[in-house]
1. For residues in segment 98-116 being more than 35 Å from the chain's Cα centre (by Cα) and among the small types (Gly, Ala, Ser), which is nearest to residue 22 (Cα to Cα)?
2. What pairs can you find where one residue is in segment 110-129 and in contact (Cβ under 8 Å) with a residue 12 or more places away in the chain, the other is surrounded by fewer than 17 Cβ atoms within 10 Å (Cβ to Cβ) and charged (D, E, K, R), and their Cβ atoms are less than 7 Å apart, with a gap of 6+ or different chains?
3. In the list 39, 90, which residue meets the criterion of being in contact with a strand residue (DSSP E or B) (Cβ under 7 Å, 6 or more places away or on another chain) and modelled with pLDDT under 95?
4. I'd like the full set of residues that are of a type outside the set (Gly, Ala, Ser), at pLDDT 85 or above and touching a Cys at 6+ places or on another chain (Cβ under 8 Å), limited to segment 132-188.
5. Name the pairs whose Cβ atoms lie under 7 Å apart, with the first residue in segment 18-31 and in contact (Cβ under 8 Å) with a residue 40 or more places away in the chain and farther than 17 Å from residue 71 by Cα, the second of a type in the set (A, V, I, L, M, F, W, C) and surrounded by fewer than 18 Cβ atoms within 10 Å (Cβ to Cβ), and 6 or more positions between them or separate chains?
6. Name the residue that is nearest to residue 96 (Cα to Cα), counting only residues in segment 110-128 that are in contact with a strand residue (DSSP E or B) (Cβ under 7 Å, 6 or more places away or on another chain) and part of a loop (DSSP other than H, G, I, E, B).
7. Exactly one of (1) within 34 Å of the chain's Cα centre (by Cα); (2) modelled with pLDDT of 75 or more; (3) more than 30 Å from residue 48 (Cβ to Cβ) is unmet by residue 226. Its number?
8. Name the residue that is nearest to residue 135 (Cα to Cα), counting only residues in segment 19-35 that are polar (S, T, N, Q) and in a loop (DSSP other than H, G, I, E, B).
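The values are calculated or read from the model by the stated rules, or taken from the named source; none is laboratory data. As the structure is a computational prediction, the values presented were derived from the model and not from experiment. Methodologically, a virtual Cβ is constructed for each residue, glycine included, from the backbone with ideal geometry; neighbour enumeration extends over all protein chains shown.
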Amino acid sequence: MKLKTAPSFAIESAIQQDNYDLKLLGTENVSRIDKNFKPNNNTFYATYGLDCKFFYFAQLYSNKIPTTYEVGLGYLYSNDNSYFLKRQTPLYFSSNSNTPSPVIGSPRPLICSSENDILIVSTYIPRSYLELLTDGNCLVSTVAPYVPSLTYVEKDCFVGRLDDNIESLPIKSLSKYSSFNSAVVDSISKTTKSLILKSKYITLSPSEKRPPAVDGTLYFDKNYDTLCYYAGGCWREIVWKRCLDENTP
């Protein structure tokens, strides 16, 4: 499961279950700690979906005063039309504004003990590139200003930007990108050095239609079963003769 960061901010109230997972309750109760907050669709499901892991910040409030909090990595799953946050890898934990401590083992309890308590879960933006390095073969990049993310580099791939995304591009898939093909052809055609081919032979696809009349253009004419090239203002056939070995195909 890949790590995802998003430019949009997710926030919801929640309640801890017996297995330490957090049942997400939507944005309705967030206004209990911020009277200016208006319920919206900034839920974790709308922001991240079900197929990735992400950083979360879980904060307990008592009488609107922040107390215990936890930072960690988790992911969403659904059950009975509700969404739950699996606290997969808790990272830091702090109680009553003390210095945060690394979490070793299971998540710490985040229990609302009275009606004046509320648990709020929100997006956590990593403060250091080290926090992002949760997986191997990744590059730190950005999807928006000040929002770091990871680009996973798969095997036999290049890294490039397509539209607004930095992606890992399989070598075999590059042929489908016309802009990439055009750039390669243009670069080769404009080279001033000799082009040395390591291949033992070259196969030209037969064509019934002549290419643009440009000096030096070579093609195999399917209509006449012959090689043609353009030079001196006209198309010319390459003179040939049968191989000395009559059995040579």
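1. Out of the qualifying residues, it is 113.
2. Once the first residue is in contact (Cβ under 8 Å) with a residue 12 or more places away in the chain and sits in segment 110-129, its partners that are surrounded by fewer than 17 Cβ atoms within 10 Å (Cβ to Cβ) and charged (D, E, K, R) give 118/32.
3. 90
4. Within segment 132-188, 132, 150, 151, 152, 153, 170 meet the criteria.
5. Qualifying pairs under 7 Å: 30/37.
6. Here the residue is 110.
7. (1)
8. In this case the residue turns out to be 19.
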